[in-house]
1. Which of the following residues is over 18 Å from the mean Cα position of the chain (by Cα) and within 26 Å of Leu76 (Cβ to Cβ): Leu116, Leu206?
2. Outside any helix (DSSP H, G or I), touching a Leu at 6+ places or on another chain (Cβ under 7 Å) and buried (at least 22 other Cβ atoms within 10 Å of the Cβ): does that describe Ala202?
3. Regarding Leu166, is this residue within 15 Å of Leu116 (Cβ to Cβ) and of a type in the set (A, V, I, L, M, F, W, C)?
4. Identify the residue in region 267-283 that is in contact (Cβ under 8 Å) with a residue 12 or more places away in the chain and assigned to a loop (DSSP other than H, G, I, E, B) and, among all such residues, is farthest from Thr314 (Cα to Cα).
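None of the figures in this text is laboratory data; all of them are computed from the coordinates on show. Treat the numbers as computed from the prediction; the structure is a model and nothing was measured. Cβ placement follows ideal geometry from the backbone for every residue including glycine, while neighbour counts extend to all protein chains displayed.
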Amino acid sequence: MADILVTGGAGFIGAHLCTRLWNEGHHVACLDNFDPFYAPAIKQEHVRRLQQLAGTSGRFVYHEGDIRDTALLQRLFQTTSFDLVIHLAALAGVRPSIARPVAYSEVNIQGTLHLLECCRQYHVQQMLFGSSSSVYGARQRVPFAEDDDVSLPVSPYAATKRAGELLCYTYAHLHHLRIACLRFFTVYGPYQRPDLAIHKFARLMLTGQPIPVFGDGTSQRDYTYVDDIVEGMVRAWQWLQQPAQAEHAYEIFNLGGAHPVPLLRLIRLLETALDCPAQLDWQPEQPGDVPRTYADLRKSTSMLGYCPQVDIATGIERFATWFRAYYQSV
């Protein structure tokens with residue numbers, strides 16, 4: 001049983017992860033600031049579900065606050081001797097980062113530095129850092145491997161995530177921390193963020209509105225079901241605890257599905273799962289978008305035993321089942 005701090009724990013991935021960790025018997029502290037990037041009520045619902053799950057066990061606690069608030073972080077780390085920090089809190093999204101680069105830098109870089117400082121100061125030896133496939137930029141050669149050159153990010157969001165990885169390396173090197181940076185590839189599933197393509201498209205389709213299709217529809221994304229991502233995070237933590245990592249360790253791992261899906265195929269899968277036709281609204285390509293993402297999983301498979309289980313057709317069916325039930329109840 002471990003004491004674990006999950007930043008961004010009320011978000012889409014974070015809430016799924018907190019549920020898994022609680023079910024495995026750990027003490028879970030969730031830190032989230034209900035950023036209005038999307039409706040805070042969605043995150044509030046995630047927290048309520050987690051609180052109902054935990055009941056009176058005392059193994060789940062929620063803290064509302066911002067990772068830029070150093071006084072708050074100091075209180076948290078003084079109050080609890082954490083065994084692990086899982087850092088998922090961030091301003092997300094490529095396109096919004098172009099409009100708000102300073103805010104993205106403050107949260108994603110400065111906030112990460114504050115957490116690393118607390119880990120150093122309070123002797124928390126293990127961290128998982130939620131990075132992104134966006135760090136690979138507009139690469140033509142696929143699949144994307146962890147040792148590829150990522151020195152040319154094409155959005156502020158990607159640049160901040162790469163900066164976070166570099167800060168993690170520095171602290172692992174200087175202060176003997178054990179850190180795994182996890183590059184997520186387009187995560188989807190129940191309770192997905194409403195601004196992301198699958199959720200957004202489903203909502204537009206069922207309300208009879210057109211779907212914006214940027215470019216010619218041939219762009220590809222390596223969609224990854226949220227349960228596979230959570231399994232990858234748990235396996236990365238297990239890797240950090242191995243005796244070989246007793247002093248310090250730093251690694252980057254891809255967590256993806258390894259099967260890129262063209263945009264138009266994704267839309268057709270949604271049409272089938274929702275039994276609803278899509279109207280396409282063709283739009284020009286957007287700055288910061290990349291033509292494809294594709295995870296090379298050889299390292300994650302070899303070192304973590306990571307192997308995604310949910311294919312895109314099955315995942316979309318599961319999402320559609322949740323989507324219909326959720327929107328009928330709200």
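1. Leu116
2. For Ala202, the condition - outside any helix (DSSP H, G or I), touching a Leu at 6+ places or on another chain (Cβ under 7 Å) and buried (at least 22 other Cβ atoms within 10 Å of the Cβ) - is not met.
3. The answer is yes for Leu166.
4. So, considering only residues that are in contact (Cβ under 8 Å) with a residue 12 or more places away in the chain and assigned to a loop (DSSP other than H, G, I, E, B), the one farthest from Thr314 (Cα to Cα) is Gln279.
Residues checked against (1) surrounded by fewer than 17 Cβ atoms within 10 Å (Cβ to Cβ); (2) of a type outside the set (D, E, K, R):
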residue: Val150; (1), (2): no, yes
residue: Ala158; (1), (2): no, yes
residue: Gly164; (1), (2): no, yes
residue: Leu174; (1), (2): yes, yes
residue: Phe185; (1), (2): no, yes
residue: Arg193; (1), (2): no, no
residue: Val213; (1), (2): no, yes
residue: Gly217; (1), (2): yes, yes
residue: Arg221; (1), (2): no, no
